[in-house]
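Encoded as structure tokens, the structure appears first; notes follow it.
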Amino acid sequence: MEDCIFCKMVKGEIPCRKVYEDTGFLAFLDINPQAPVHVLVIPKKHVARLSETGDRELLGSLLSIASAIAERENISGKGYRIVINTGREAGQTVDHIHLHLLGGRKMNWPPG
Ligand code: AMP
Ligand code: ZN
């Protein structure tokens with residue numbers, strides 16, 4: 001999609017610090033990290049938000065890629081959090097579905 005910042009990363013028009021890539025997905029470091037490990041996992045295909053897809057394969061891949069990255073980043077043992085902000089009230093600021101993988105510190109509950 002033309003004006004989507006994450007689509008521009010997929011196309012290589014905006015730089016990002018990649019941690020994983022395959023034919024359908026990309027993962028990169030969040031520019032404003034909220035934890036020692038803060039990775040965003042996105043599908044290369046533009047989907048605006050969770051509520052706009054029923055693609056189980058795509059959604060399952062987001063989770064399994066995040067889980068593999070958590071292993072590689074050595075945060076699996078202590079624990080990590082996965083967040084998908086969906087819509088304005090939840091704090092979604094980029095309209096291209098993305099999964100936040102957060103770890104490396106103690107998380108609070110409930111989230112703010
Ligand atoms: P959300 O608020 O759930 O929509 O998350 C969007 C995330 O994208 C935020 O955590 C931002 O810090 C992150 N972000 C925005 N622009 C960039 C960028 N150019 N590179 C990496 N992360 C970004
Ligand atoms: Zn996009």
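The values are calculated or read from the model by the stated rules, or taken from the named source; none is laboratory data. In this text the structure is predicted, and so the values were computed from the model without any measurement. No Cβ is skipped: glycine too gets one built from the backbone with ideal geometry, and neighbour counts run over all protein chains shown. These area figures cover heavy atoms from the full protein model, side chains too; ligands, DNA and RNA do not enter into them. Shrake-Rupley method; radii C 1.70, N 1.55, O 1.52, S 1.80 Å.
Just one of (1) free of Cβ contacts under 8 Å to residues at least 40 places away in the same chain; (2) within 21 Å of GLY91 (Cβ to Cβ); (3) more than 9 Å from ligand 1 (Cβ to nearest atom); (4) buried (at least 16 other Cβ atoms within 10 Å of the Cβ) fails for ILE42. It is (1).
Among the residues of the stretch 43-70, the one identified as of a type in the set (A, V, I, L, M, F, W, C) and touching a Cys at 6+ places or on another chain (Cβ under 9 Å) is ALA48. Of all residues in the stretch 52-96, those satisfying the criterion of being polar (S, T, N, Q) and within 14 Å of ligand 1 (Cβ to nearest atom) are ASN85, THR86, GLN92, THR93. Residues that are within 16 Å of ligand 2 (Cβ to nearest atom) and polar (S, T, N, Q) were ranked within the stretch 47-84; the one that is nearest to GLY24 (Cα to Cα) is THR53.
Restricting attention to the stretch 73-99, the residues being open to solvent by 60 Å² or more (accessible area, probe 1.4 Å) and without any contact (Cβ under 8 Å) to a residue 12 or more places away in the chain number 5. Determine, yes or no, whether PRO110 is in contact with a Gly (Cβ under 7 Å, 6 or more places away or on another chain) and surrounded by fewer than 17 Cβ atoms within 10 Å (Cβ to Cβ). So PRO110 does not fit the description; no. Exactly one residue among ALA48, ALA35 is open to solvent by less than 60 Å² (accessible area, probe 1.4 Å), out of contact with any helix residue (DSSP H, G or I) (no Cβ under 9 Å at 6 or more places or on another chain) and under 18 Å from THR86 (Cβ atoms), and that residue is ALA48. Of the residues in the stretch 78-85, at least one is within 23 Å of ASP3 (Cα to Cα) and out of contact with any Phe, Trp or Tyr (no Cβ under 8 Å at 6 or more places or on another chain).
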